[in-house]
1. (1) free of Cβ contacts under 8 Å to residues at least 60 places away in the same chain; (2) surrounded by 12 or more Cβ atoms within 10 Å (Cβ to Cβ); (3) in contact with a strand residue (DSSP E or B) (Cβ under 7 Å, 6 or more places away or on another chain): which one isn't true of Asp78, the others all being true?
2. Looking only at the range 90-112, filter to residues that are touching a Phe, Trp or Tyr at 6+ places or on another chain (Cβ under 9 Å) and either free of Cβ contacts under 8 Å to residues at least 40 places away in the same chain or among the polar types (S, T, N, Q) (or both); which one of those is farthest from Phe60 (Cα to Cα)?
3. Exactly one condition in (1) under 20 Å from Asp126 (Cα atoms); (2) surrounded by 10 or more Cβ atoms within 10 Å (Cβ to Cβ); (3) at pLDDT below 75 is false for Ser47; which is it?
4. If a residue must be surrounded by fewer than 16 Cβ atoms within 10 Å (Cβ to Cβ) and part of a strand (DSSP E or B), how many such residues does the range 111-127 contain?
5. Which is at pLDDT 95 or above and within 25 Å of the chain's Cα centre (by Cα), of Ala95, Ala100?
Amino acid sequence: MRKKRRRCSAAPGASRRYARLLAALAAALWLASLVTPRAWAGEKKKSRITPQALLFGTVFQENGFSLHGARVVVTNADRPKEKKETKTDVQGEFAVRVPAGKARYSIEVSAEGFVSQSKTVEVAADERIDVTFRLVLLKK
């Protein structure tokens, strides 16, 4: 005589998985309830992004080739103690971010074996200002 197999509607352990799923869903809803009241109240987040201008430049040697590793110092003309320093990349380019708004900046470029060069630029808003330098070899 054959034994009848008992049919089970759910796989073994299904009730545990279902309980874990419900617990995870409840935790997610609880976390969402902590975050959303502020949004419902109409509070706006304060933006931490401040507008900036970009001083972008390229430094060339007198023969027209880019000058890699040149030292670039950007100084605020109104606040000489505020200086930003960088070096040119392999294409001779540099980029320095400064606060947007009306200001004058002095950009000085120097490299070993070359005569230093300086230019002054004026920033009016959150804009990009392009500057080109061509450094001449020092005469011995």
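1. Evaluating Asp78 over (1) free of Cβ contacts under 8 Å to residues at least 60 places away in the same chain; (2) surrounded by 12 or more Cβ atoms within 10 Å (Cβ to Cβ); (3) in contact with a strand residue (DSSP E or B) (Cβ under 7 Å, 6 or more places away or on another chain) leaves (2) as the failure.
2. Phe94
3. (2)
4. 4
5. Working: Ala100 fails: at pLDDT 95 or above.
The unique qualifying residue is Ala95.
The values are calculated or read from the model by the stated rules, or taken from the named source; none is laboratory data. Since the model is a prediction, treat every value here as computed from it, not as a measurement. Ideal geometry is used to build each Cβ from the backbone, glycine not excepted, and the neighbour counts take in all protein chains shown.
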